[in-house]
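Taking it in order: structure first as structure tokens, then the write-up.
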Amino acid sequence: MTELKKKITELNDRFGKADSKEILAYLASYSPGKVVFSTSFGVEDQVITEMLHAIIPPVSVFTLDTGRLFPETYDLLSATRSKYGMDIRVIFPDFNQVEEMVNKKGINLFYDSFENRKLCCRVRKVIPLTRALRGVEFWISGLRKDQSSGRSEISLFEWDEDHRLIRVHPLADWSTEKIWEYAMENKVPYNPLHDKGFSSIGCQPCTRAVLPGEDFRAGRWWWEPSGKKECGIHQHNK
């Protein structure tokens with residue numbers, strides 16, 4: 001573990017002021033399958049996808065299909081595959097676990113209690129993610145510091161104790177304005193729900209548009225008390 005911490009420190013020092021594309025190109029030099037990018041098709045993830053598509057050898061890309069996503073998200077998956085010619089692997093939850101949960105708790109169990117919501121996220125997202133990350137050394141995601149208070153201290157490279165790998169946030173220091181400037185300049189396809197006030201887009205029953213003055217992630221699980229709005233897949237245990 002000491003060696004890993006040393007490596008992470010060295011990577012943060014080396015790439016602290018580097019361009020995001022430099023970071024991604026470096027990661028692509030690792031053996032196939034050792035580096036993966038998980039996309040949920042938010043505009044940040046779409047920016048990373050645009051940066052990755054020209055890198056050779058390609059980095060493996062996957063997405064989690066919970067079975068409750070917006071139609072616009074599925075359309076964007078298809079459009080992204082077509083535009084960039086990328087193989088985006090779709091990871092599904094175990095149908096037996098979904099059936100057992102829904103038949104026992106109800107189809108919209110997440111509205112009934114915080115515990116039920118966390119269970120649904122675990123079955124549909126956390127467990128499939130764990131399966132997708134087996135054998136991986138670097139996991140790339142589109143998290144940014146200004147998305148929420150719970151993400152304000154993320155680093156470019158950090159240790160993920162749950163999955164025993166190094167998390168990489170190449171856009172950690174990017175502002176929302178910079179993200180959209182890049183997306184517009186490079187004609188990056190994005191979810192039309194962003195134009196309707198959806199800043200963070202997840203499952204359809206658990207996401208609404210953000211109202212003026214609200215936090216970036218206020219539209220996620222809006223019926224719950226304010227605080228860390230997370231599903232459990234983005235834990236920061238350096």
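The values are calculated or read from the model by the stated rules, or taken from the named source; none is laboratory data. Given the structure is predicted, the values throughout are model-derived calculations rather than measurements. So basically every Cβ, Gly included, is an ideal-geometry build from the backbone, and we count neighbours across all protein chains shown. The protein model used for the area step is the full one, side chains on, heavy atoms only, and it has no ligands, DNA or RNA in it. Shrake-Rupley method; radii C 1.70, N 1.55, O 1.52, S 1.80 Å.
Descriptive notes on the structure:
- Residue-level check: of (1) more than 13 Å from Val168 (Cα to Cα); (2) at pLDDT 95 or above, Leu24 misses just (1).
- Note on the range 168-205: residues that are at pLDDT 95 or above, under 22 Å from Asp65 (Cα atoms) and hydroxyl-bearing (Ser, Thr, Tyr) total 1.
- The residue list Glu44, Glu50, Glu10 contains one member that is among the charged types (D, E, K, R), out of contact with any His (no Cβ under 9 Å at 6 or more places or on another chain), part of a helix (DSSP H, G or I) and crowded, with 22+ Cβ neighbours inside 10 Å, which is Glu44.
- Any hit, the range 94-114, residues being in contact with a strand residue (DSSP E or B) (Cβ under 6 Å, 6 or more places away or on another chain) and within 30 Å of Val35 (Cα to Cα): no
- The condition (being under 19 Å from the mean Cα position of the chain (by Cα) and under 20 Å from Gly16 (Cα atoms)) is satisfied by just one residue among Trp139, Trp180: Trp139.
- Counting only helices (runs of 4 or more DSSP H) that sit completely within the range 57-167, those holding 3 or more residues that are closer than 24 Å to Pro189 by Cα and open to solvent by less than 30 Å² (accessible area, probe 1.4 Å) correspond to 71-84.
- First in the range 96-113 and within 17 Å of Cys203 (Cα to Cα), second anywhere and open to solvent by 80 Å² or more (accessible area, probe 1.4 Å) and not hydrophobic (A, V, I, L, M, F, W, C), Cβ under 8 Å, 6 or more apart: Gly106/Asp112; Asp112/Lys105
- Residue match in the range 87-103 (condition: acidic (Asp, Glu) and touching a Phe, Trp or Tyr at 6+ places or on another chain (Cβ under 6 Å)): no
- Meets criteria (open to solvent by 10 Å² or more (accessible area, probe 1.4 Å), within 26 Å of Val126 (Cα to Cα), modelled with pLDDT under 90 and out of contact with any strand residue (DSSP E or B) (no Cβ under 8 Å at 6 or more places or on another chain)) for Gly213: no
- Here the range 27-50 is the region considered, the condition is being farther than 23 Å from Ser175 by Cβ and not hydrophobic (A, V, I, L, M, F, W, C), and the residue that is modelled with the highest pLDDT is Lys34.
- Looking across the range 70-90, just one residue is out of contact with any Pro (no Cβ under 7 Å at 6 or more places or on another chain), modelled with pLDDT of 95 or more and among the acidic types (Asp, Glu), and that is Asp75.
- The sole residue among Pro212, Pro205 that is farther than 20 Å from Ile48 by Cβ, in a loop (DSSP other than H, G, I, E, B) and not hydroxyl-bearing (Ser, Thr, Tyr) is Pro212.
- The number of residues in the range 63-92 being without any contact (Cβ under 8 Å) to a residue 40 or more places away in the chain and of a type in the set (A, V, I, L, M) comes to 3.
- Pairs with Cβ under 6 Å, 6+ apart, first in the range 1-15 and within 13 Å of Val168 (Cα to Cα), second part of a helix (DSSP H, G or I) and of a type in the set (A, V, I, L, M, F, W, C): Phe15/Ile23
- Pairs where the first residue, in the range 32-60, is over 23 Å from Val126 (Cα atoms) and the second is surrounded by 23 or more Cβ atoms within 10 Å (Cβ to Cβ) and of a type outside the set (A, V, I, L, M), C-beta under 7 Å, 6+ apart: Leu52/Phe37
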